[in-house]
Amino acid sequence: MDVKYHRYLLSLLNQESHKKRVRLILGARQTGKTTLFSLLKDKNDILIDLQDRSERLRFLQDPSLITRTVLALKTPSPHIFIDEIQKVPDLLDEIQFIVDKNPGKFTFTLTGSSSRKLKSSSSNLLPGRARIYFISPILLAEQQKYLYHKHLILPLPEYFNKNIELFPDKEIEGMLVFGTLPGLWGNMFKEDLESYVMLYVEEEIQKEALVRNISNFSRFLKLAAIESGKFINLSKISQETGIAVSSIKEFYKLLEDTFIGFSIFPFAKSNRIRLLKSPKFYFFDVGVRNVVAGLPLDRGILSTEGGHLFEHFIASELYWRCKYLGRNYNLYYFRSISGLEVDFVIETPNEIIPVEIKYSTNISPNDANKIEKFINLFPSAKKGFVIANIKREERLSERVLAVSWHQI
């Protein structure tokens, strides 16, 4: 069954200022793009599903078919939905032609699970003609618990009302093991999550011919998952897999292009502090990461992996919130050559917020020390937070507050 709870992105797309334009929704498979269509689409709207082979072949053979179809529409303010646009990227040229000749008349909502082909064709559409959105796994901000807690670090603008239904809450232990793909609130089971990886490799990578050596890529993929959340060490992965460093760089880029992962870069706002400059790489969903890494989908893994998975989970939550909030919100980490390290640094239009992550249920004032040192180095940072597995807030110092994970 489809999971049709409300998404934050749905509220953005329903705003009048976001209509009558080209909207491109990018995200990994199974993050709810197609379901979002069903929530947006009216009965008179057009849906073109490029995952359907016969439909895809028609438009591959004749991309101008989309122009003839759209210009023949008689309904006022027509809305055209196209799923998996990267499968027929030449349609972007046609869409650009339609929009240029008919400004303000049509709304196009497109989805894509790979930006690689989009970048190589009609790239002039993307920066100026289309508004780009990203869709994530289910955030804490999309679960019902969000309605009942104050949010202290990176709140999303209120988008809910009493008439919408948010996703039911999940406990933190389950989310750390299984992740938060939307299907987990519906009919997706552990076995389906395990098959996700095989489908990704076969359909997204192999069928689209995105890599030449699928065996090398598969070996890399598992090790990249094991290393997820750590500093990218190209030499180490090359030694353990026998794959050239140049290929590993390309594989990491491929994971980002298909939205399977993202990089977090060092916070470098001072020329007088020497920093570790390697990025950290994270899989987009902690459950998918666990499957790819070969971990059993069992809560028993939390006894050894709990701290790492908790940090990974929070990283994903903060990263996707920054994406939803816009280009003036960014997520970094901080680590100086001298050894001062802060797990994450959030940059907003108004402030810099250092954040430490602790899976522990016991927090002490000592846990504020790194954040206090960071604030002393950067006067634009006025406060910091420790996100922990605790039930209520704890004041650790004058400038540092410990909060529960659901208060982000």
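Observations on the structure shown:
- Subset of the range 118-136 [surrounded by 13 or more Cβ atoms within 10 Å (Cβ to Cβ), of a type outside the set (A, V, I, L, M) and either touching a Pro at 6+ places or on another chain (Cβ under 7 Å) or modelled with pLDDT under 70 (or both)]: Lys119, Ser121, Ser122, Arg129
- Of the candidates Glu311, Glu341, Glu372, Glu317, the single residue that is of a type in the set (Asp, Glu) and modelled with pLDDT under 95 is Glu341.
Matching residues to (1) closer than 28 Å to Ser303 by Cα; (2) buried (at least 22 other Cβ atoms within 10 Å of the Cβ); (3) not assigned by TED's automatic domain parsing to the domain that holds Tyr282:
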site	(1), (2), (3)
Thr348	no, no, no
Glu351	no, no, no
Lys358	yes, no, no
Lys373	no, no, no
Asn376	no, no, no
Phe385	yes, yes, no
Glu394	yes, no, no
Trp405	yes, no, no
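- Checked against the criteria, Ile80 counts as within 26 Å of the chain's Cα centre (by Cα), farther than 26 Å from Ile205 by Cβ, outside the structural domain of Leu255 (by TED's automatic domain parsing) and buried (at least 20 other Cβ atoms within 10 Å of the Cβ).
- Residue check, Ile273 among the β-branched types (Val, Ile, Thr) and modelled with pLDDT of 95 or more: no
- Among residues of the range 47-79 being assigned to a helix (DSSP H, G or I) and in contact (Cβ under 8 Å) with a residue 24 or more places away in the chain, the one that is nearest to Leu193 (Cα to Cα) is Arg56.
- Qualifying strands (runs of 3 or more DSSP E) (wholly inside the range 250-338; at least 3 residues being within 27 Å of Leu12 (Cα to Cα)): 261-266, 330-335
- Members of the range 205-223 found to be in a helix (DSSP H, G or I), touching a helix residue (DSSP H, G or I) at 6+ places or on another chain (Cβ under 7 Å) and either buried (at least 18 other Cβ atoms within 10 Å of the Cβ) or of a type outside the set (Lys, Arg) (or both), listed by number: Ile205, Gln206, Ile214, Asn216, Phe217, Ser218, Phe220, Leu221, Leu223
- Residue satisfying condition, being assigned by TED's automatic domain parsing to the domain that holds Tyr146, within 21 Å of Pro157 (Cβ to Cβ) and among the hydroxyl-bearing types (Ser, Thr, Tyr), within set Tyr329, Tyr333, Tyr282: Tyr329
- Sole exception among (1) in contact with a helix residue (DSSP H, G or I) (Cβ under 7 Å, 6 or more places away or on another chain); (2) surrounded by 20 or more Cβ atoms within 10 Å (Cβ to Cβ); (3) touching a residue at least 24 places away in the same chain (Cβ under 8 Å); (4) on the phi < 0 side of the Ramachandran plot for Gly229, by number: (4)
- Where Asn44 falls short, out of the listed (1) touching a His at 6+ places or on another chain (Cβ under 9 Å); (2) part of a strand (DSSP E or B): (2)
- Taking the criterion of being assigned to a loop (DSSP other than H, G, I, E, B), surrounded by 19 or more Cβ atoms within 10 Å (Cβ to Cβ) and either among the basic types (Lys, Arg) or in contact with a Pro (Cβ under 8 Å, 6 or more places away or on another chain) (or both), the residues of the range 88-117 that qualify are Val88, Phe106.
The values are calculated or read from the model by the stated rules, or taken from the named source; none is laboratory data. Small disclaimer: the values here were computed from a predicted structure and weren't measured. Don't worry about glycine lacking a Cβ; one is built from the backbone with ideal geometry, like all the others, and counts go over all protein chains shown.
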